[in-house]
Amino acid sequence: MKLTFQLNGRPMETECEPQETLAEILRERLNLTGTKVSCEVQVCGACTVLVDGLPVSSCTTLAYEVRDKNVLTVEGLARPDGTLHPIQQAFIDEFAFQCGFCTPGMILAAKALLEENPKPTEAEIIHFMDGNICRCTGYVPIVRAIQKAAGTMAKKQG
Ligand code: FES
Ligand code: FES
């Protein structure tokens, strides 16, 4: 079936089978491999993308469910001139990844958090990011990166 939606701010039209997931469409039909797939059962958060601003597990979202919606993947975060989004930059500055497999999902979940709550406490960050698992970092640098990004984004807006 034909599928039309907004992908990273641009209109997208592709084909999908009724049983195909959003993760499969992104990675296999559209070559956007920044979205990672690990558990495939909505447990790890590696496949997180934003749909109309909210984090969803693309491994268990059927592609047709995003028809006419706005999908944001990690590929849509940097500016056209290559400047990274403040959350991406903060993850680099704070060494908030090692293998990087969880990182795209972490960054998109963090974006949703900071849009809803621009100045989260440490406890609020930990609670919101509960669905995103990292096997490498021990989470401390991830929390630090999100706090740093919150500060940078607040300064830009202020
Ligand atoms: S791969 Fe989707 S939640 Fe783990
Ligand atoms: S950096 Fe390896 S899983 Fe998080």
- Message: Name the single residue that is surrounded by the most Cβ atoms within 10 Å (Cβ to Cβ) among those in the range 69-107 being touching a Pro at 6+ places or on another chain (Cβ under 6 Å) and farther than 19 Å from residue 40 by Cα.
- Response: 96
- Query: Out of the residues in the range 108-126 that are surrounded by 14 or more Cβ atoms within 10 Å (Cβ to Cβ) and aliphatic (A, V, I, L, M), which is farthest from ligand 1 (Cβ to nearest atom)?
  - Reply: 114
- Item | Total residues in the range 64-103, condition more than 24 Å from residue 4 (Cβ to Cβ) and either among the charged types (D, E, K, R) or within 12 Å of ligand 2 (Cβ to nearest atom) (or both) | 14
- So which residues in the range 1-59 are part of a loop (DSSP other than H, G, I, E, B), under 10 Å from residue 105 (Cβ atoms) and either in contact (Cβ under 8 Å) with a residue 40 or more places away in the chain or touching a Lys or Arg at 6+ places or on another chain (Cβ under 6 Å) (or both), if there are any at all? 34, 35, 36, 38, 44, 45, 46, 47
- Query: Before we move on, is residue 68 out of contact with any Leu (no Cβ under 6 Å at 6 or more places or on another chain), assigned to a loop (DSSP other than H, G, I, E, B), among the charged types (D, E, K, R) and assigned by TED's automatic domain parsing to the domain that holds residue 19?
  - Reply: yes
- Item | Hits in the range 1-24 (condition: away from ligand 1 (no atom under 14 Å from the Cβ) and within 18 Å of the chain's Cα centre (by Cα)) | 5, 6, 7, 8, 9, 10
- Message: Given the condition surrounded by fewer than 17 Cβ atoms within 10 Å (Cβ to Cβ), among the β-branched types (Val, Ile, Thr) and more than 12 Å from ligand 2 (Cβ to nearest atom), answer yes or no: does some residue in the range 48-56 qualify?
- Response: no
- Selection within the range 127-146 - more than 12 Å from residue 86 (Cβ to Cβ), away from ligand 1 (no atom under 16 Å from the Cβ) and not basic (Lys, Arg): 127, 137, 138, 139, 140, 141, 142, 143
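The values are calculated or read from the model by the stated rules, or taken from the named source; none is laboratory data. Since the model is a prediction, treat every value here as computed from it, not as a measurement. Here the Cβ is made from the backbone with ideal geometry for all residues, glycine too, and neighbour counts use every protein chain on show.
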